[in-house]
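A short reminder: the numbers here are calculations on the coordinates, not readings from a lab. Source: prediction; values computed, not measured. Glycine gets a Cβ as well: all are built from the backbone with ideal geometry, and neighbour counts include every protein chain shown.
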Amino acid sequence: MPFRRPRPTADQQRRAEESLAAIEAGGVPVAASERLQDFREAGGRFFTSDLSVNELMLTRQAGFRPLTQVMGTCFYRTGWQSYPWGRGSGWLGGMGWGASGAGETFELEQQTAAWNEARRLALGRMAAEARLAGADAVCGVRLRRRHREWATGLIEFVVVGTAVRSERFRFEDAPALSNLSGQDLNKLVRHGYWPVGLVAGTTVAYVATGAAQQFRATGLFSSRQNQEMPDFTRGIYDARALAMARLSEQAHAMHAHGVVGVTVEHSHREIERDRGGGTNYTDLVIEMHVLGTAVVEVEHDEPSPDTYLDLQLNDPRETT
């Protein structure tokens, strides 16, 4: 007998439609919203977190009470992206790899925009969950991104962290997201700083190999000597500069005094380009991701904590 899925009730249909509308508006599904509202109204001391024991103790020492784990996610499909074959100049305004023989870096705007928008939506949903839980900040934010092979152009962002509430200070702004650990948050607050939010930037760049690099790679006796591939080296620098510019722009918009805990991650894949006449050039597509926590220095009356010298007396090689 074939299995038949039961028809949804009117209430289930209504909740599904409300969840879809909330997601399309950048929010969270109805079930997640109800769970966090019930948690806040209960007002108990029970909490869940991904903090280690050390992080929990130091977070409490800094005057923060963990509330609950919060998350945000986004599946995003990248639209069609053309590659810069046959173009004459890159984003730096050079003569172009076709004219001068030098390589060039081109930003792939469609793919770049997809990564940045997917991350923005995922972080926005985490912030929405933190607000519903009554949090002042989210610490230990871990971000995972990946390409999904079962659908063309599909990317995924998932962010997870622990929502905390301050028992010493009163904050009126939206919850501040931070990729800092509980230990680092403790140090930051005790020295008179406060996180104001996560800042990030992604750049997807196409690095076209120029004739000069191609000659190095395939010329006579080229395999017998060590040599740098300067077009690829410059491409990494170009991609990082664009990603860091986006990060800095977000930090300035928050009126931050600096950015701490910056991580830089990149990956690349090779593209074979046919130049005609039996000649193939190897180009690169680079993904550059940067992430950090924007901070501001705040006035505080407490003296700076003491600094101690930590000297390990045992031999780590003999410790099991």
### Task
Would you please calculate the Kirkwood hydrodynamic radius of region 47-299 over all C-alpha pairs and express it in Å, rounded to one decimal?
20.3 Å
#### Entry: Neighbour net charge for His147 - beta-carbon separation under 13 angstrom, K R +1, D E -1
+3
### Charge dipole (debye, nearest 20) of region 47-299; +1 at Cβ of Lys and Arg, -1 at Cβ of Asp and Glu
380 debye
### Compactness of region 1-68, expressed as Rg and Dmax over alpha-carbon positions, Å
18.7, 62
### Query
Taking every pair of alpha-carbon atoms in region 129-191, what share in percent sits in each 5 Å bin, from 0 to the bin with the longest distance?
4, 15, 22, 20, 13, 8, 8, 5, 3, 1
